1. On full extension of the chain, what length is gained from ARG342 through ARG148, given 0.36 nm per residue of separation minus the C-alpha to C-alpha distance?
2. Dividing the Cα convex hull volume of region 205-356 by residue count, how many Å³ per residue is that?
3. If you look at just the Cα atoms of the chain, how large are its Rg and its Dmax in Å?
4. So which aspartates and glutamates can LYS34 reach, going by Cα to Cα under 15 Å and dropping same-chain residues fewer than 8 places off?
5. Starting from the 7 Å offset along Cα-to-Cβ, what nm value, one decimal, do you get for the label separation of TRP35 and ASN224?
6. Give the distance, in whole Å, between the Cα centre of region 1-61 and the Cα centre of region 130-205.
7. How large is the Kirkwood hydrodynamic radius of region 7-52, in angstrom, based on all distinct alpha carbon pairs?
8. Could you quote the convex hull projected area for region 275-356, Cα atoms only and averaged over all directions, in nm²?
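The values are calculated or read from the model by the stated rules, or taken from the named source; none is laboratory data. Keep in mind it's a predicted model, so treat the numbers as computed, not measured. Reconstructed Cβ throughout: ideal geometry from the backbone, glycine too, with neighbour counts over all protein chains shown. Ligands, DNA and RNA are stripped out before the accessible areas are found, and what is left, the full protein with its side chains, is counted by its heavy atoms. Shrake-Rupley method; radii C 1.70, N 1.55, O 1.52, S 1.80 Å.
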Amino acid sequence: MLSTGFTGTLTDIQRESLKERDRRTLSHFLTQGKWDASYLERIVQRVAFQQVKACAQRECSPMFVILDDAVCEKIQPSSQAAHMIQGASFQHSHLKRRHVYGHAVVQTLLRSGDQVFPFATACYYPQGKSKIELAGDMIQAVPMSSCRTYVLMDSWYPSTSVLQTCAERGFHVISGLKTNRIFYPQGIRQSLQSFASYISKTDTDLVTIGSSAYRVYRYEGKLNLVENAVLLLRWKDGEGIDPKQMKAFLCTDVSLSNGEILNFYSKRWTIETYFRTVKVQLAMERYQVRSAQGIDRYLTLLFFSALCCTCRNHGSLIDGIHGYRIQKKHDMIEYICNQAQRGATLDQIKTRLRVA
């Protein structure tokens, strides 16, 4: 999976392994093999948590549990197809801004400082658990610790059940909110967008995050989801206070300043770059496995590969992938030199490397 040019097929894996086994043994391994993928998942979770916790304690920084999903798009089969891929359905693609056919994969990363580690992954199937339930299970799997922990997620996930799970684990939540969400300022029921129409520029504070400046309105009080929380309504500075251009955020830690809330939430972008990396570099959405169990196992192995790369380069996935590929080239050159020194002919070396 980590090799340059991997396209997501079992043929690629069989070729890179330099073994003479039939490709169908790999298919059997994924779909019918007697092995426990959850055991591998627990290893990933234990290693990821240990690494991020150590970083948080060393740097006296908070831990972030970053949650999101990505769509692995597939070609919609015809009604006459004999062997359709299992569990695929129409999912909303944020990238394409429309519904596409494929699988939605829910994933969780752990982060502290600049170190980011994959923690949990699960494929959403319409006949199984909902995305909200999968998210709750992943949050439940994160061990509690003495480190301040924030769960970061977009506006899809802050449901009552997810917020309750976070509270039970002692985790705070910083999330996006849909602007049609209802709240009750001074007991009056209204949507965030409707409330924003009464806000003027003088009611907002200027907050700078990196090189970007924003106008921010802060509301603190009881919400229908939590007893006491912060709502931030945000606009880009210089673009006016238009309710249609507003972004809304929820934070359950009322001790944080406006700048801290937005700065912490910006770390959620890590999972977007993670998805792009595993799709482009590890062919996450190009698998050709058809059975649900085979897909789950394939994604687990890819997930484990990502962890190995991340550990290799101290929390950087893309650097770990490049490092592995460079090391593989070095190993190949050393192997060829050693074989030549032992008297192997060029044709023999090519045969052993399966390039004859």
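1. 64.1 nm
2. 221 Å³
3. Here Rg and the maximum Cα pair distance are 23.9, 86 Å.
4. Cα-Cα hits under 15 Å: ASP296.
5. So the label points at TRP35 and ASN224 sit 4.9 nm apart.
6. The distance from the Cα centre of region 1-61 to that of region 130-205 comes to 33 Å.
7. After inverting the mean inverse Cα-Cα distance, the result is 12.7 Å.
8. With the hull built on Cα positions only, its mean projection is 7.2 nm².
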